[in-house]
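Asks: The structure that follows is given in the form of structure tokens.
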Amino acid sequence: MPTIGVAIAIPEPWASELQDYRTSVGDTTATQIPTHITLIPPAEVAEEELPAVSEHLAGVAATIEPFDIHLRGTGTFRPVSPVVFVTVAEGISGCEVLADAVRRGPLAVELHYPYHPHVTIAHHLDDPTLDRAFDELATFECRFAVDAFSLYVHDSDAGWQPTHEYGLG
């Protein structure tokens, strides 16, 4: 059964900058995870359900207008989860509306934690490394327009692969 995810891709040059940083601090999962803001965490979907999922995502995309994102500074989910992330300073409500709309119909998934849009930069590392990531990217900042989101399918060799992009509006 395929494992899918739905996310907003971070555009270049910031996607590579953040992915390279994540790799540099020893987060080996970074090489198989494109830099993103999650809308739907990994979920197993039956192969025969993928057309309905794609139709649902296209319908959602048509109803949501593009919005702007401003990423600035760092945050953490510690002690609950060993994660350091770049924060979404503006565009939180746009992400929340989009994530809520995506998580309906064939993708009505239950979340383990409340939805909090962010860009992971360090995950499952020791505390000193997480502290370092928190400090070193504290001044990170970028702005971009969100005019699409993507469906990703996990490949055991290549990692997360975008399979379709859905334009907003």
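Asks: Scan the range 153-161 and give yes if some residue there is within 21 Å of residue 66 (Cα to Cα), in contact with a strand residue (DSSP E or B) (Cβ under 9 Å, 6 or more places away or on another chain) and not in a helix (DSSP H, G or I), otherwise no.
Replies: No, the range 153-161 contains no residue that is within 21 Å of residue 66 (Cα to Cα), in contact with a strand residue (DSSP E or B) (Cβ under 9 Å, 6 or more places away or on another chain) and not in a helix (DSSP H, G or I).
Asks: Can you report the number of residues in the range 11-31 which are in contact with a strand residue (DSSP E or B) (Cβ under 8 Å, 6 or more places away or on another chain), assigned to a loop (DSSP other than H, G, I, E, B) and more than 16 Å from residue 74 (Cα to Cα)?
Replies: Residues meeting the conditions: 2.
Asks: Do you know which residues across the range 88-108 are over 17 Å from residue 150 (Cα atoms) and of a type outside the set (Gly, Ala, Ser)?
Replies: 88, 90, 92 - these are the residues of the range 88-108 that are over 17 Å from residue 150 (Cα atoms) and of a type outside the set (Gly, Ala, Ser).
Asks: Within the range 141-169, how many residues turn out to be within 16 Å of residue 33 (Cα to Cα), in contact (Cβ under 8 Å) with a residue 12 or more places away in the chain and of a type in the set (Ser, Thr, Tyr)?
Replies: Final tally of qualifying residues: 3.
Asks: Which of the residues spanning the range 16-33 are closer than 17 Å to residue 88 by Cα and either touching a Gly at 6+ places or on another chain (Cβ under 9 Å) or surrounded by fewer than 17 Cβ atoms within 10 Å (Cβ to Cβ) (or both)?
Replies: 17
Asks: Can you pull out every residue in the range 49-67 that is over 14 Å from residue 107 (Cα atoms) and either at pLDDT below 95 or out of contact with any strand residue (DSSP E or B) (no Cβ under 7 Å at 6 or more places or on another chain) (or both)?
Replies: 62, 63, 64, 65
Asks: Looking only at the range 61-115, count how many residues are in contact (Cβ under 8 Å) with a residue 60 or more places away in the chain and in contact with a Pro (Cβ under 6 Å, 6 or more places away or on another chain).
Replies: 1
Asks: While we're here: Among the residues of the range 106-123, are any farther than 30 Å from residue 47 by Cα and surrounded by fewer than 13 Cβ atoms within 10 Å (Cβ to Cβ)?
Replies: no
The values are calculated or read from the model by the stated rules, or taken from the named source; none is laboratory data. Worth saying up front: this structure is predicted, and the values here are computed from it rather than measured. Positions of Cβ are generated from backbone atoms using ideal geometry, with glycine treated the same way; all protein chains shown enter the neighbour counts.
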